[in-house]
Structures are given as structure tokens and as C-alpha cells.
């Protein structure tokens, strides 16, 4: 059975006071709302607040709320000013790391080859990965969307064993729908998620592909979450702006 996951990527937002309030409010809502322990909730704060969120989560003793970093280095240590190693992320209590977000690909020019190295380093340290993939509006309009997704998946992940691939959660985030207010229709999301699952099936077989959680990311909101999550190959969401408000984020969690 595939895990149902709602992950909040907070990007470069919120102060320590705002984060403390948000984490506590969502955790209390999860307790009061009796959310199933099978549903995994992920918080992805900026690097300076990872330890703070870990401390708060530990005080609630909720095993289904996980802590994710937004990025990592592909090496263990050395002269890389401003970078953070996977070992450091493990040291502060991260449960996951987000790799390959479209903003990292765009603004930091992260290639599939570099992302492959980051995935390898994360798995080497036993840190599971949320791996992001997605096409731009131009690539979709040029009908290159499936070609782009296949190259992103195959070039960064298809060297892995089936066992290692099982530690990856995929997040399909159409770049044209991130922060724009435009959301892929449930049918568009299902079409791509099904395509991704078939890619995994072709390479690793049905047993592996059927167990892989594939999240949708791109302007997920309380108003559209239930319809998106109702699709058979959509196993949850990677949520941006709506995860910064406890009420909105909890409504999305309930929708799963």
C-alpha cells in the first residue's frame, strides 16, 4: 500500500516565532482531528529552523509528522561555503530531504547529473528523498512534457537498485503551476502521474511502481486538494504557499 503524504515546502519564508506557532497549531489540529497515523505530514523549513522544528515535533511525540530539509550538498564536507551536508541534516534530526525542486534547477542551474549525486549521497547516509520533477510551460506547449519528465527521472534515478528506489518519493510539480495560482487539472495531474508510474513499472516492475508514492505540487489549495487527491495515481501533495497557514494546510491534510 502506498503512503499518503502531504508535505509543506516553506521555501525562504517565516521567522522562528511564526514557525513555532505554525508547527504547534498544525500538530494540535492533527491530534484533535484524529488524522490517521498512516498519513504522513512533512514540514520543510529553511535551514536555520530545522533544529527548532525538530525540538517542537519531538515534544508532541507524533510519529507521522516528519522533518525535511529543502536541499543538500552532494559531498560530505569541505570548502563549500554556504552548503549543508547530508550528515549535518541527519545530525539535526531530518527525516527526509527535498532534492531537485524546480527553483533549484532554475536559479541554481542544478542538472540531472548533479541531482543524481545528491540522491546517491542522501541514500548513502540513510536519508530518504522527495525528488521533484516537472516541465516548464514552454516544454508543455512544445509537447515535450513527457520527454522532459522521462529524462529527469531516468538520468537521476534509474541507476538505483529497486531497494534504494523504494526510499524515494516522487513529486510532480509542473513549473507553470508553481506560485502562479494556476493548477494542473486533476486530469492533467493523473495523466502525468500515470505516465511516471508506467516509467517505473517498465524499468523496475509492477511491485516497485505500485508502491511508489507520487505527490502533486503546484498551487495545491484547500479548494482543489480533494479532487486532485481523488485520482488513483496521486498520493498526496507537495504544498507551497498554502502550507504557510495552519488552517489551509490542515484542510489539505484532511483532504487526503
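A few remarks follow.
- Hits in the stretch 37-60 - residues which are within 16 Å of residue 253 (Cα to Cα) and either more than 20 Å from the chain's Cα centre (by Cα) or surrounded by 13 or more Cβ atoms within 10 Å (Cβ to Cβ) (or both): 39, 40, 41, 42, 43, 44
- Residue 138 without any contact (Cβ under 8 Å) to a residue 60 or more places away in the chain and either under 21 Å from residue 199 (Cβ atoms) or assigned to a loop (DSSP other than H, G, I, E, B) (or both): no
- Residues being in contact with a helix residue (DSSP H, G or I) (Cβ under 6 Å, 6 or more places away or on another chain), in a helix (DSSP H, G or I) and over 16 Å from residue 167 (Cβ atoms) - total across the stretch 109-124: 1
- Tally of residues being surrounded by 22 or more Cβ atoms within 10 Å (Cβ to Cβ), under 15 Å from residue 6 (Cβ atoms) and either modelled with pLDDT of 95 or more or out of contact with any helix residue (DSSP H, G or I) (no Cβ under 6 Å at 6 or more places or on another chain) (or both) across the stretch 190-219: 4
- A single entry from 185, 243 fulfils the requirement of being over 30 Å from residue 163 (Cα atoms) and at pLDDT below 95: 185.
- Residues within the stretch 61-83 that are over 19 Å from residue 109 (Cα atoms), surrounded by fewer than 15 Cβ atoms within 10 Å (Cβ to Cβ), touching a residue at least 24 places away in the same chain (Cβ under 8 Å) and in contact with a helix residue (DSSP H, G or I) (Cβ under 8 Å, 6 or more places away or on another chain), tallied: 1
- Conditions (1) in contact with a helix residue (DSSP H, G or I) (Cβ under 6 Å, 6 or more places away or on another chain); (2) modelled with pLDDT of 95 or more; (3) closer than 20 Å to residue 9 by Cα; number of the one not met by residue 136: (2)
- Residue under evaluation residue 12, criteria (1) in contact with a helix residue (DSSP H, G or I) (Cβ under 6 Å, 6 or more places away or on another chain); (2) assigned to a loop (DSSP other than H, G, I, E, B), criterion not met: (1)
- Taking the criterion of being crowded, with 16+ Cβ neighbours inside 10 Å and within 20 Å of residue 8 (Cβ to Cβ), the residues of the stretch 173-189 that qualify are 173, 174, 175, 177, 178, 183, 184, 189.
The values are calculated or read from the model by the stated rules, or taken from the named source; none is laboratory data. Treat the numbers as computed from the prediction; the structure is a model and nothing was measured. Neighbour counts run over all protein chains shown; Cβ positions are idealised from the backbone, glycine included.
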